[in-house]
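Written below as structure tokens is the structure these notes are about.
The values are calculated or read from the model by the stated rules, or taken from the named source; none is laboratory data. Treat the numbers as computed from the prediction; the structure is a model and nothing was measured. Glycine also receives a Cβ, built like all others from the backbone with ideal geometry; neighbour counts cover every protein chain displayed. What goes into the accessible areas is simple: the full protein's heavy atoms, side chains included, and nothing from ligands, DNA or RNA. Shrake-Rupley method; radii C 1.70, N 1.55, O 1.52, S 1.80 Å.
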Amino acid sequence: MKRIGLISDTHGTFDDTLRGFLTDVDEIWHAGDIGSLELADRIAAFKPLRAVCGNTDGGTMRRVWPLVDFFRCEEATVLMTHIGGYPRRYDPRILPRIRSTRPTLFVAGHSHILRIIYDPVYRLLHLNPGGAGNYGIHKVRTALRFVVDGAEVRDMEIGEWPRSTGEHL
């Protein structure tokens, strides 16, 4: 059993609010637009980090973090990218990977809108944690945490906080 914290679109923000929400997770997955290598290092020093780079992450970030990651967590398979779309509206660049890998979980960010959708066509759970940072179109900061137990995903929790102009570290 693993407790997972899922964030995206931090754009340089990893503050006490996020740390508090993610305190009890075993690892953090970041679905892109981290902000900097320094921030990725801070997150990784807090909890083990698995991440993909996003469209605003610069060249150095793209050399360190992949655009797409496919991995196993317990008995679940996970396909994670930044720009992925949604069920029935997947980005055409990721759809072949969904078809070929048949993941249990498909994780994407980019929209800054939290969504949890079961896709009956590909039999996967699509997760977009929304925007966890203080920059972007979202009005509320969001993140997810959940448990992967064998092949089962359970105990989904949503964190939701107002945006601030305060601490961005």
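If you take all other residues with their beta carbon under 14 Å from the beta carbon of residue 55, and give Lys and Arg +1 and Asp and Glu -1, the sum is -2. DSSP assigns beta bridges within the chain; of those with both partners inside it, close to 70 percent run antiparallel. The amide H of residue 153, built 1.01 Å from its N in the peptide plane, has no neighbour under 5 Å, considering only residues 5 or more places off or on other chains.
If I fit a long axis through the Cα atoms of helix 37-46 and take the longest principal axis of the Cα atoms of the chain, what angle between them do I get, 0 to 90°, rounded to 10? Between helix and principal axis, roughly 80 degrees. Averaging Cα coordinates gives a centre for the range 99-133 and one for the range 53-93; these two points are 10 Å apart.
When shorter helices are ignored and each DSSP H run of at least 4 residues is given -39500 (n - 2.57), the per-residue value for the chain at 222 nm works out to -4500 deg cm²/dmol.
The 3J(HN,Hα) values that the Karplus relation (6.51, -1.76, 1.60; θ = phi - 60°) gives for the range 136-141 are, in residue order, x, 7, 6, 8, 10, 7 Hz. Gly and Pro appear as x. In a fully extended conformation the segment linking residue 164 and residue 137 would gain 8.4 nm over its present Cα-Cα distance, using 0.36 nm per residue.
Computed with a 1.4 Å probe over protein heavy atoms only, the accessible area of residue 64 comes to about 80 Å². Distance between the 7 Å Cα→Cβ label points at residue 68 and residue 45: 3.4 nm.
Using the empirical formula 2.2 N^0.38 Å as the baseline, the Cα radius of gyration of the range 103-155 reaches a ratio of 1.23. Using the Cβ-Cβ distance between residue 154 and residue 37 with R0 = 25 Å, the FRET efficiency computed as 1/(1 + (r/R0)^6) comes to roughly 0.15.
Using a cutoff of 8 angstrom between alpha carbon atoms and counting only pairs six or more residues apart, the relative contact order for the range 84-146 works out to 27 percent. The ellipsoid equivalent to the alpha-carbon distribution of the chain has semi-axes of 23, 17, 15 angstrom, derived from the gyration tensor eigenvalues as √(5λ) and listed largest first.
Here the range 82-169 is treated with +1 on each Lys and Arg Cβ and -1 on each Asp and Glu Cβ, and its dipole about the Cα centre works out to around 440 debye.
Residues 16, 91 ordered from highest to lowest accessible area at a 1.4 Å probe: 16, 91. A Cα-only calculation for the range 1-85 places Rg and Dmax at 12.2, 35 Å. Expressed as a rounded percentage, what relative contact order does the chain have, with Cα pairs under 8 Å and six or more residues apart? Across the chain, relative contact order equals 25 percent. For the range 1-75, calculate the relative contact order in percent as a whole number, restricting contacts to Cα pairs under 8 Å that are 6 or more residues apart. Computed over the range 1-75, the figure is 30 percent. Note on the chain: with charges restricted to the Cβ of Lys and Arg (+1) and Asp and Glu (-1), its dipole about the Cα centre is near 660 debye.
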